[in-house]
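A.B. asks: Submitted below is the structure of interest, expressed as structure tokens.
Bear in mind these aren't lab numbers, they're just calculated from the coordinates by the rules spelled out. This one's a predicted model, so the numbers in the text were calculated from it and none came from an experiment. We place every Cβ from the backbone using ideal geometry, glycine too, and count neighbours over all the protein chains shown.
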Amino acid sequence: MSFKLDDVQETDRGLLAPCGILCLGCDSYIGEGLDAAEELKKIWEGSNIIDVGPMLGLNAKGITETFKSLNAFIKAGKKQGKCPGCYVGGGPSKICGIANCVKSKGYWTCAECGDYDPDSEKPCPLEKEVPMPLGNPSQMMKMICTRYSKDTNNNLKKCREIGYAAFIKEAKKKVAKGWRTWQVISDEMVFTNSMKK
Ligand code: SF4
Ligand code: SF4
């Protein structure tokens, strides 16, 4: 199966990240979380939730803290704007070892790399001595596989099986039907724990 960067239209390059995250279904790309936060804030403020919250089992302190979190989330979301997708410069791609490695080889994703083994415990073998865990491709790949419950590996395997063009077509249909990337995210504290080391 032929698959290479040239097979991917310029306008589709933000849809799949080099590591296999489907940016097309990611909330930073879609922005539904921001819309929902603004809607909840509007409804709670309009309902004077602090007044009636205790009848629903909510306490005033908890409501105030939630408003603070919603405001911070809304402010950050508006400041950052929607993410265009990792490959075209979204998220932490500048400091990510995977994104940098993939781009340096002229690939779109790791699926094109002969060293990438989606069925291995260590899908990317490339170790790099770097101060931040995000910069080490092998370690980053392990974190991503855990956080995304191996959905990333499955995406890249699929790219190998059917090629990029068909993969993108299927992914667009899946997201249009309601699939979202957050549905596969693990409850493990993957990044928090890796930053402590
Ligand atoms: S920054 Fe790295 S880990 Fe994040 S989506 Fe891009 S390639 Fe994947
Ligand atoms: S060495 Fe690792 S990060 Fe680089 S392209 Fe291959 S699998 Fe991806």
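A.B. asks: Would you mind telling me which residue in A37, A76, A60 has the biggest mean-square fluctuation in a Gaussian network model of the chain, where springs connect alpha carbons within a distance under 10 angstrom?
C.D. replies: Of A37, A76, A60, the Gaussian network model singles out A60 as fluctuating most.
A.B. asks: Could you give the length gained on full extension between E10 and D117, defined as 0.36 nm per residue of separation minus the Cα-Cα distance, in nm?
C.D. replies: Using 0.36 nm per residue and subtracting the Cα-Cα distance, I get 35.8 nm.
A.B. asks: Using a Förster distance of 30 Å, how high is the FRET efficiency between L56 and K196, based on the Cβ-Cβ distance and rounded to 0.05?
C.D. replies: 0.25
A.B. asks: Of S186, S120, S28, which is the most mobile in a GNM of the chain whose springs link Cα atoms less than 10 angstrom apart?
C.D. replies: Largest GNM mean-square fluctuation: S120.
A.B. asks: Moving on. Find which of A166, I63, V88 sits farthest along the positive direction of the dipole of the stretch 61-197, computed with +1 on the beta-carbon of Lys and Arg, -1 on that of Asp and Glu, about the Cα centre.
C.D. replies: Value: I63.
A.B. asks: So, one more: Over 5 Å intervals from 0, what percent of Cα-Cα pairs in the stretch 4-71 sits in each interval?
C.D. replies: Taking all Cα pairs of the stretch 4-71, the binned fractions are 3, 14, 17, 15, 9, 8, 9, 8, 7, 5, 3, 1 percent.
A.B. asks: In square nanometres, what is the average projected area of the Cα convex hull of the stretch 102-153?
C.D. replies: Spelled out: convex hull of the Cα atoms, projected over all directions, averaged, 3.7 nm².
A.B. asks: Treating the beta-carbon of each Lys and Arg as +1 and of each Asp and Glu as -1, no other charges, what is the dipole magnitude of the chain about its Cα centre, to the nearest 20 debye?
C.D. replies: For this selection, approximately 240 debye.
A.B. asks: Ok, one more. Mind listing P(r) for the chain? All alpha-carbon pairs, 10 Å bins, whole percents.
C.D. replies: 8, 31, 31, 17, 9, 3, 0
A.B. asks: So, in Å, what gap is there between the alpha-carbon centers of the stretch 96-112 and the stretch 1-42?
C.D. replies: Centre-to-centre (Cα) distance: 17 Å.
A.B. asks: Sticking with this structure for a sec: Using the crude model of +1 on Lys and Arg Cβ and -1 on Asp and Glu Cβ, and no other charge, please compute the dipole size for the stretch 32-81 relative to its Cα centre, in debye to 20.
C.D. replies: Computed charge dipole of the stretch 32-81: roughly 260 debye.
A.B. asks: With unit charges on the beta carbon (Lys/Arg positive, Asp/Glu negative), name the residue among I144, W179, I50 whose Cα is farthest towards the positive pole of the charge dipole of the chain.
C.D. replies: So the residue furthest toward the plus end is I50.
A.B. asks: Once you place label points 7 Å from the Cα toward the Cβ at K105 and K157, how far apart are they in nm?
C.D. replies: Placing both labels 7 Å along Cα→Cβ, they lie 1.9 nm apart.
A.B. asks: Would you please put 105-112, 20-27 in order of how densely packed they are, using the mean number of other Cβ atoms within 10 angstrom per residue and starting with the highest?
C.D. replies: 20-27, 105-112
A.B. asks: Given a Förster distance of 25 Å, report the FRET efficiency between E32 and K94 from their Cβ-Cβ distance, rounded to the nearest 0.05.
C.D. replies: Efficiency computed from Cβ-Cβ geometry: 0.50.
A.B. asks: A follow-up question, please. Tell me, rounded to the nearest percent, the portion of alpha carbon pairs in the stretch 32-81 spaced more than 18 Å apart.
C.D. replies: In whole percent, the share of Cα-Cα pairs in the stretch 32-81 beyond 18 Å is 32.
A.B. asks: Just to be sure I understand the model, the point goes 7 Å from the Cα along the line to the Cβ. What's the resulting K78 to K172 distance in nm?
C.D. replies: It is 3.3 nm.
A.B. asks: Additional query: Apply the Kirkwood formula to the stretch 48-137: the hydrodynamic radius equals the inverse of the mean of 1/r over all pairs of different alpha-carbon atoms; give it in Å with one decimal.
C.D. replies: 16.9
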